[in-house]
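Q: Below: one structure in structure tokens.
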Amino acid sequence: RLIVQRTGVDEAVAEQSARLAQRHIGMAQRLATDAASRERRERTLRGVLRVRGVGDAVEVAATIVQSATEDAKALTAARDEGERDSLLRTLGVPPGSAVPPAVRSQVSALEDEQKRRATRSLRDGIDRVLTDLESLYRDTLMRQFGRETELINRELTPDIEALAAAWTPQHTLTVLDAIALTRTNLQGNAAPALALESMLITVATGRAA
């Protein structure tokens, strides 16, 4: 109801967005108002569901990083440009003019901060993917233990039920542990692609060839 009130989307989209966001209001609003975000989320989960070996793990990891990078750029590009323009106006630099040597250090400091923020935004995006994957394997585990609770990823019900039948609950728990470890490694500045590859190889070991 809150998402409908805030965004004006229909109830079906609002329900789906709230469910997939798992109580994260900001993410729910974004999913509700950005069909591309919803499609990207589903595409990522379906990609992970298709992982069968090391080659797949490497390919899907690269896709996740690329998608998160593009998403981070889209979120920060307009803000970065606005901040730079505002700083130049404050420093008295006319639009379109070269940056005078006397103020270059201030502009460089802003650009460095924007680069750091872009890196944080990228890692936040990958962390969100990990949260989505946790929901996928939580759904799998619920089915494996015979729980009939409503799935978070209802749109992927056939895939989740097939995965629940193909894996043991122990392997599902191992994958969830691998996701938690990946999150910890990323917080320690591990290379995103390598961290994701390692996690997805764990996913692949539970798959039949």
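Q: Modelling each spin label as a point 7 Å along the Cα-to-Cβ direction, I'd like the ARG116/THR184 distance in nm, to one decimal.
A: 2.7 nm
Q: Using the charge dipole of the range 52-209 (Lys, Arg: +1 at Cβ; Asp, Glu: -1 at Cβ; taken about the Cα centre), state which of LEU141, GLY53, GLN114 has its Cα farthest towards the positive end.
A: GLN114
Q: Quick one: with all protein chains in place, what share of the accessible area of the chain is carbon or sulfur, to the nearest percent (1.4 Å probe)?
A: Values: 6180 of 11590 Å².
About 53 percent, which is the carbon plus sulfur part of the accessible surface.
Q: Taking the Cβ of VAL99 as the centre, find all other residues whose Cβ is under 11 Å away and add up their charges (Lys, Arg: +1; Asp, Glu: -1).
A: +1
Q: Something else about it: For THR205, which sequence-distant residues (separation of 5 or more, or a different chain) have an amide H within less than 5 Å of its own amide H, given hydrogens modelled in the peptide plane?
A: none
Q: Let me spell out the model: positive unit charges on the Cβ of Lys and Arg, negative unit charges on the Cβ of Asp and Glu, origin at the Cα centre of the chain. What dipole size does that give, in debye rounded to 20?
A: Roughly 280 debye, rounded to the nearest 20.
Q: Among (1) 16.9; (2) 10.4; (3) 14.4, only one was calculated for this model; which label is it, if the read-out is mean projected area of the Cα convex hull in nm²?
A: Only one option fits the structure, namely (3).
Q: Given springs between every Cα pair under 10 Å in a Gaussian network model of the chain, which of LEU49, LEU88, LEU186 has the largest fluctuation?
A: Highest fluctuation of the listed residues: LEU88.
Q: Can you tell me which of GLU197, GLU111, GLU134 moves the most in a GNM of the chain? Springs connect C-alpha atoms under 10 Å apart.
A: With Cα springs under 10 Å in the chain, the top fluctuation among GLU197, GLU111, GLU134 is at GLU111.
Q: Still on this structure, please answer the following. Which residue, ASP56, ASP177, ASP34, has the most motion in a Gaussian network model of the chain that connects Cα atoms within less than 10 Å?
A: Its mean-square fluctuation being the largest, the pick is ASP34.
Q: Something else about it: In Å², what does the accessible area per residue of the chain work out to with a 1.4 Å probe?
A: Counting only protein heavy atoms, the per-residue value for the chain is 55 Å².
Q: Here's something else I'd like to know. Charges on Cβ only, +1 for Lys and Arg, -1 for Asp and Glu, centred on the Cα centroid of the chain; of ALA68, THR202, ALA102, which one is farthest towards the dipole's positive end?
A: Of the candidates, ALA102 comes out farthest on the positive side.
Q: I would also like to ask the following. By the scheme Lys and Arg +1, Asp and Glu -1, what is the net charge of all other residues having a beta-carbon under 11 Å from that of ILE160?
A: Net of charged neighbours comes to -1.
The values are calculated or read from the model by the stated rules, or taken from the named source; none is laboratory data. Worth saying up front: this structure is predicted, and the values here are computed from it rather than measured. A quick note on method: Cβ atoms are made from the backbone with ideal geometry, for glycine too, and the neighbour counts reach across all protein chains shown. Surface areas here come from the heavy atoms of the whole protein model, side chains and all, with no ligands, DNA or RNA. Shrake-Rupley method; radii C 1.70, N 1.55, O 1.52, S 1.80 Å.
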